[in-house]
Amino acid sequence: MANGGWSKDQLRSYSFDVDQIPRLKVDDSRVDQLISHGQPVVITDSRLVESALKWNLDYLRSNIGDGIFNVYESPNHLFKYYDEKKLDKKLPGSNGPFRPPTKRLEMKFDEFYDFMKKTTERDKRIYLQQGLNDTVGQNIVRDFLQFNWKWVRGQQIRNNWGPQTSNLLLISQEGNVTPCHYDEQENFFAQVGGYKRVILFPPSQFDCLYPYPVYHPHDRQSQ
């Protein structure tokens, strides 16, 4: 989530060519074909999270509740995931303990709101990554229950996917980057506000992306 519009001039340049992901309306028959073949697609007019389109920072501050939220802090624009359960493991060939590139903080939404509203020029950057569950405010729960779950369940059944595992609310500062990685499950990403650029690589390029070994805290991430 980010404020304001954007232009192509803001996008980072890369040394390789990229093709545009197909952008199709939800009732286009090619949507189901692409999903069933494991291909990416940008889906429009799905009304998937229509009830959340009002979720700007002010609305969330007033309605998300008084709980504690997971916020990651980075000294730069990169937010590279690491598995906290693997932090204590000794890494082969390592000269010392693993040093996480980001720091996980726990804060109330008011604190996160204040940080986001301050000047963008600062030494550290933050990124909220919070599971949506019954600990959030009732208005947020009500909005969440109105998502187009019928369509999601239809895709789940049609493609023989496993059970739904999580629903994440992601709120980032403009310019934050999640380095190359892979997820362990199918993913529907719904952009509520702002913009996000996603670059996908085919599975055939897996070895070329130099993934960390599975025992490493950066498992599933590219080196």
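The values are calculated or read from the model by the stated rules, or taken from the named source; none is laboratory data. Source: prediction; values computed, not measured. In this analysis, Cβ positions are derived from the backbone assuming ideal geometry, glycine residues included, and neighbour counts consider all displayed protein chains. Keep in mind that these areas ignore ligands, DNA and RNA; they rest on the heavy atoms of the full protein, side chains included. Shrake-Rupley method; radii C 1.70, N 1.55, O 1.52, S 1.80 Å.
Please tell me if Val141 is over 18 Å from the mean Cα position of the chain (by Cα) and open to solvent by 30 Å² or more (accessible area, probe 1.4 Å).
yes
Got a sec? Which helices (runs of 4 or more DSSP H) wholly within region 105-223 have at least 1 residues that are under 26 Å from Pro40 (Cβ atoms)?
Filter on region 105-223 gives 138-145, 149-158.
Given the criteria aliphatic (A, V, I, L, M) and at pLDDT below 80, does Leu91 qualify?
Spelling it out, Leu91 is indeed aliphatic (A, V, I, L, M) and at pLDDT below 80.
Might you let me know whether region 121-137 holds any residue that is open to solvent by 40 Å² or more (accessible area, probe 1.4 Å), hydroxyl-bearing (Ser, Thr, Tyr) and more than 19 Å from the chain's Cα centre (by Cα)?
yes
Of these, Asp28, Asp58, which one is closer than 25 Å to Asn148 by Cα, open to solvent by 70 Å² or more (accessible area, probe 1.4 Å) and at pLDDT 95 or above?
Only one candidate passes the filter, namely Asp58.
Could you pull out the residue among Asn159, Asn167 that is open to solvent by less than 100 Å² (accessible area, probe 1.4 Å) and over 20 Å from the mean Cα position of the chain (by Cα)?
Going through Asn159, Asn167 in turn, just one is open to solvent by less than 100 Å² (accessible area, probe 1.4 Å) and over 20 Å from the mean Cα position of the chain (by Cα): Asn159.
So if I check each of Tyr215, Tyr182, which one is touching a Lys or Arg at 6+ places or on another chain (Cβ under 8 Å), of a type in the set (Ser, Thr, Tyr) and either modelled with pLDDT under 90 or at positive phi (or both)?
Only one candidate passes the filter, namely Tyr215.
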